[in-house]
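To start, the structure under review is shown below, and the notes come after it.
Computed from the coordinates by the stated procedures, all read-outs in this text should not be read as laboratory data. In this text the structure is predicted, and so the values were computed from the model without any measurement. As a convention, Cβ positions derive from the backbone with ideal geometry for all residues, glycine included, and neighbour counts pool all protein chains shown.
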Amino acid sequence: MRQPLVVGNWKMNGSLQFISNLLHSIQSNIDDKISCEIGVCVPFVYVGLAIDVAGKSSIKVGAQTVSEHTSGAYTGEVSASMLEELGCHWVLVGHSERRQLFNEVNEQLVTKVMAAQRAGLIPIYCVGETEAERKSGDTFSVIEKQINALIDNESINLTNLVLAYEPVWAIGTGLTATPDEAQEAHAFIRQLVKNKAGDLADKLRILYGGSVKADNAETLFHQEDIDGGLIGGASLDANAFISICQMA
Ligand code: 13P
């Protein structure tokens with residue numbers, strides 16, 4: 001049995017006040033109806049604040065990217081051990097915005113996952129096809145390449161990992177994969193892991209991301225291989241985020 005997980009990806013949004021208010025409201029609305037694990041991935045500069053505000057609540061804080069390097073002359077970068085020392089739990093790796101806007105590629109992303117795991121963080125490794133790739137029938141080959149880059153590497157610990165399927169065309173567009181489309185991709189990803197690691201694949205959580213809202217979360221989360229969501233826009237609204245958590 002996989003415990004559902006809902007993670008908010010706040011991207012480059014917020015301010016000290018906004019983040020403090022948002023986290024307080026999420027926290028004060030967590031009740032017995034919520035049985036999923038909850039995370040928020042915040043901009044680096046707000047990690048410390050978010051951890052302070054989240055306090056002893058069940059919300060676990062994460063970052064949105066991490067350096068693949070341990071330390072040294074990498075101006076502007078933040079290492080996994082720095083995040084761990086602050087109290088981070090998760091880190092997103094390979095979000096499509098990192099892949100597309102910052103040219104991060106599979107090989108580098110795998111080293112980021114390794115760096116995160118070495119420091120004791122749980123990486124949430126994101127994959128997904130663009131609109132053009134889906135239209136040209138390349139969805140599964142793209143996902144396969146992204147997943148295999150990771151799982152073919154013997155140093156990756158598959159028990160300390162979350163995967164996220166985020167079709168790029170569904171991110172921030174209001175378009176969502178249909179529950180069937182999403183389930184098909186999730187089942188495909190789980191099978192790839194199964195081919196490599198057998199039954200361990202059944203324990204691995206695979207989140208869906210891409211325009212998840214309070215009104216479409218339920219049908220998505222009902223799918224067999226969807227273990228929760230990675231939520232962008234809707235995670236900036238405490239009520240919407242809590243509703244999504246309730247559906248998980
Ligand atoms: P939206 O929920 O805004 O589409 O963003 C999804 C996402 O990128 C989460 O990482």
Rounded Å value of the spacing that divides the Cα centres of segment 7-24 and segment 121-195: 26 Å
T111-T178 FRET efficiency (beta carbon distance; Förster radius 51 Å; 0.05 resolution): 0.90
Filtered trypsin sites (Lys or Arg not before Pro), segment 21-127: DSSP coil and at most 16 other beta carbons within 10 Å: K33, K56
Cα→Cβ-extended label distance, 7 Å offset, between M1 and N153, nm: 3.4 nm
Scattering curve values for the chain, log₁₀ I(q)/I(0), Debye with Cα scatterers, q = 0.15 Å⁻¹: -1.03
The chain: relative contact order in percent, alpha carbon pairs under 8 Å with at least 6 residues between: 22 percent
Listed residue (N9, V66, V212) projecting farthest to the positive dipole end of the chain, Cβ model: V66
